[in-house]
1. Determine whether the stretch 761-770 contains at least one residue that is buried (at least 16 other Cβ atoms within 10 Å of the Cβ), modelled with pLDDT under 90 and part of a helix (DSSP H, G or I).
2. Can you go through ILE603, ILE587 and tell me which one is open to solvent by less than 10 Å² (accessible area, probe 1.4 Å) and more than 30 Å from THR515 (Cα to Cα)?
3. Could you say whether any residue in the stretch 223-238 is in contact with a strand residue (DSSP E or B) (Cβ under 7 Å, 6 or more places away or on another chain), at pLDDT below 95 and under 26 Å from LEU486 (Cα atoms)?
4. Can you name the residue in the stretch 539-558 that is at pLDDT 90 or above and in contact with a Lys or Arg (Cβ under 9 Å, 6 or more places away or on another chain) and is also nearest to ARG705 (Cα to Cα) among such residues?
5. Considering every residue within the stretch 463-473, establish whether at least one is in contact (Cβ under 8 Å) with a residue 40 or more places away in the chain, over 26 Å from ILE353 (Cα atoms) and either assigned by the TED database to the domain that holds ALA280 or of a type in the set (D, E, K, R) (or both).
6. Which of the residues belonging to the stretch 404-425 are assigned to a loop (DSSP other than H, G, I, E, B) and either of a type in the set (Phe, Trp, Tyr) or without any contact (Cβ under 8 Å) to a residue 24 or more places away in the chain (or both)?
7. Do we have any residue at all in the stretch 393-405 that's open to solvent by less than 30 Å² (accessible area, probe 1.4 Å), in contact with an Asp or Glu (Cβ under 6 Å, 6 or more places away or on another chain) and among the polar types (S, T, N, Q)?
8. Of everything in the stretch 110-123 that's in a loop (DSSP other than H, G, I, E, B) and surrounded by fewer than 17 Cβ atoms within 10 Å (Cβ to Cβ), which residue is modelled with the highest pLDDT?
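The values are calculated or read from the model by the stated rules, or taken from the named source; none is laboratory data. As the structure is a prediction and not an experimental result, all values here were calculated from the model. Here the Cβ is made from the backbone with ideal geometry for all residues, glycine too, and neighbour counts use every protein chain on show. Protein only, heavy atoms only, side chains kept; ligands, DNA and RNA dropped before computing areas. Shrake-Rupley method; radii C 1.70, N 1.55, O 1.52, S 1.80 Å.
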Amino acid sequence: MSKANLGSDLIPLFKSIGLNQAKAAEAAKSPKTATVLKAIINNNPTVAAGLDEKRSGLIVALAGSLAKTEGVNLPERDYVVNKILDGKLKSVDQVSVAAKYVESHKIPIDDAEFDQECGVGFSISPADLHDQVKTYIATNRIQGWANFGTVISALKTTPGLRWASPLEVKNAVENVFLDTFGPKEAAKRKEKKDSKPATPAPVSESQTEDSTTIRRTVFEEGFLGQLHKPGGNPQLHDRIRETHLAATGGNVRTRFPPEPNGYLHIGHSKAIFVNFGYAAHHGGKCYLRYDDTNPEKEEARYFESILEMVRWLGFEPWKITYSSDYFEELYELAVELIKRGKAYVCHCTQEEIKVDRGEKRGQPKPCIHRDRPVSESLFEFENMKNGKYRPKEANLRMKQDLEDGNPQMWDLTAYRVLETPHHRTQDKWKIYPTYDFTHCLVDSMENISHSLCTVEFIASRQSYDWLCDALEVYKPRQSEYGRLSLEGTLTSKRKILALVDEGFVTGWDDPRLYTLIALRRRGVPPGAIISFVSTLGVSTAASNIEISRFEQTVRQYLEGTAPRLLMVMRPLKVTIENLPEDFLLMIEKPLHPKVPELGTTSIPFTRTIYIETDDFRLEDSEDYFRLAPGKTVGLFQAPFPITCTFFKADPVSGEIVELVCKAENEGPTKKPKAYIQWVADHAASGSPVKIDETRIFHRLFKSDRPPSDFRSDIASNSLEVVKGAIIEIGFWPLAKRAMDEARRDAKARTDKAAVFSRHIEDDGTLHATNEQLVGNECLRFQGLRVGYFALDKDARIACINEGTNTTGREQGDYIVLNRIVSLKEDAGKTP
């Protein structure tokens, strides 16, 4: 028999001890590991009878470790196996050390020495851990947050903390650093006493070392790693460079310059990450600059939302500026451009301008006003400024190079007449600068070292450079990267507005859209979006990513951060016939099996429970492991499994309305092959919690690339509303805690940023409150075996929205949940 056949023959044996198909196949791949594992099973009846998933995994880990050792005999091997079965060895790390220990220690083994060497029974109080960290920092004269990672790594190798929880060590170090050095941003300010605080790096809700490494790599390699150093961008005169470096101190300066004429979308998250992240990585500064040069399309709600989304993603602008801050300077530069013979006032119609610029026939020709005297253009430009002309009757155009092959050099418009009052300057101005005139000059005035934008502006780089050189001002370097888009979505403001106005979606924040406010409402954590963007990398190639990839990133992020609650979408009543009518068992369950820091909750287990309708079927089969007549299934966190003995059906529809089951609570019970979720019926504790609406979102469009006639591509089943779902009573304390923590975090951030009130003041300055950073979506959880969910803004819950002290349903409460993403395929749920 070949080795491959031998390995496959062992898979059923390995599955019998509690391994799933994938882990059993993996164990069978290595002949040495498989041989040791087979021997362990054959020599130990308890292992052969089947174990829980964790202990069976530890047995495999032991087999793998023993396969690499020499001289470990059966008695020593059984000694370690029994330590696993007794629950003494709880981690792969402990098992690995145990295998090495018995390689050099024979029976009889000193239990005390073994336990100490392998961390059996290790415990350390938070106070003792805090003291050890504090002592280490003082003894080693640690200075500032720059040593944060180094301290964590060093402490993990100290004998006293060898077996401490890595997460507890990290949290203790973070707390001591906060006490000793203050917040991380404050620590950065200490490093450069003469400089202003640098833009902080993004703060996600859960940032792992791997994600930090990826982000660091993004800014050090590839496109961003090849950018010039501050001062390295060419200038017309050396004195210009020297003045720029004197103003910036040779540090990086970037800006995120959105137009306030719509809501930000998923593509903007990349621009935010690139601009704020690049500056932060290099200890520089990043502006949030509103490009508010078109009062006809700008609204206060867009200004507010942009700042809110930047801060929601975890970034804080060094300064918030507006292109309108520089209207006076821009006007003076326009006058100077005319005086230099580089601009002229044009009275052509829009159609004539298009013809002259070659938009009709591909070749430009000079405008009839191009060579008018400078004095005449100055006079007419003043007339434009003073309101003599109506819109489109006069424009100021740049006199560029009509022989150049780049259309961006074909006499672009610099100023136009608009009669709409501006949100900040009101009716002071009748003329407004265009993007092509404003962008590079405000970059210059703000001493931007790296003007980072997407590749559709490549052609504009030439006109950008031309204008700065024509006026002999500092010339930032424009560098272009590929934009981000998701398949099956729309980001066009015009098209989204049509979807909203025509009722295809409920608003710009409809969770089926991919605006940032829609993703936030759906419950997508900001840290997951930053993680997604950072893992894509930054290059000149456009990123057209499948939605499934985005959702997988969100799913992975939530896997380690979201508490888990028992939830049933479509309840089916179950009566456990051999339990007393008044049977009540309060079960304390963890909110996350792998993250004890999330805490626990207490739920009732009673004679009457509800399970998922889909977890029962009338016809059994070999590959089906959930409930059927005569079949046994486990209940998550419950003390015993149940067996279906009878079912009741509606006499008219034939629909199953109730199951009668028996609790397998007497005598030895074989471990069930599957576990299902449940929620108990116990009115005294408020169980179950009834969900008024559960909204399941599917793709809005049928195709990956919606056509120009996008309305014809809209899917008819993009929104599914489930009524009558139920959830465990742990929902209430979790909801209150999640919102309280979110408010505390938001207040700390906004206090740090000195942001006070939510409005645009008389001078047009935008502010935002910490309340803007806290919404119902801060309550996120995994419905076990169902999906990840967040509370929708339409929900009203008194204990969190009104701050009442009660933890339970009150009159008027209305619970609406959004599914953030589905779960991955679960082998335990596969029929």
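1. If we filter the stretch 761-770 for residues that are buried (at least 16 other Cβ atoms within 10 Å of the Cβ), which is where we start, we get 764, 766-770.
Now restrict to residues that are modelled with pLDDT under 90: 764, 766-770.
Add one more test, that the residue is part of a helix (DSSP H, G or I), and what stays is 770.
Within the stretch 761-770, one or more residues are buried (at least 16 other Cβ atoms within 10 Å of the Cβ), modelled with pLDDT under 90 and part of a helix (DSSP H, G or I).
2. The match here is ILE603.
3. Yes.
4. ILE547
5. Yes.
6. Within the stretch 404-425, the subset assigned to a loop (DSSP other than H, G, I, E, B) is 404-406, 410-412, 418-421, 423-425.
Residues satisfying the conditions are GLY405, TRP410.
7. yes
8. Initially, the stretch 110-123 is screened for residues in a loop (DSSP other than H, G, I, E, B), giving 110, 119-123.
Still in the list and also surrounded by fewer than 17 Cβ atoms within 10 Å (Cβ to Cβ): 110, 121-123.
Details: ASP110: 87, GLY121: 83, PHE122: 81, SER123: 79.
Only one residue tops the list, namely ASP110.
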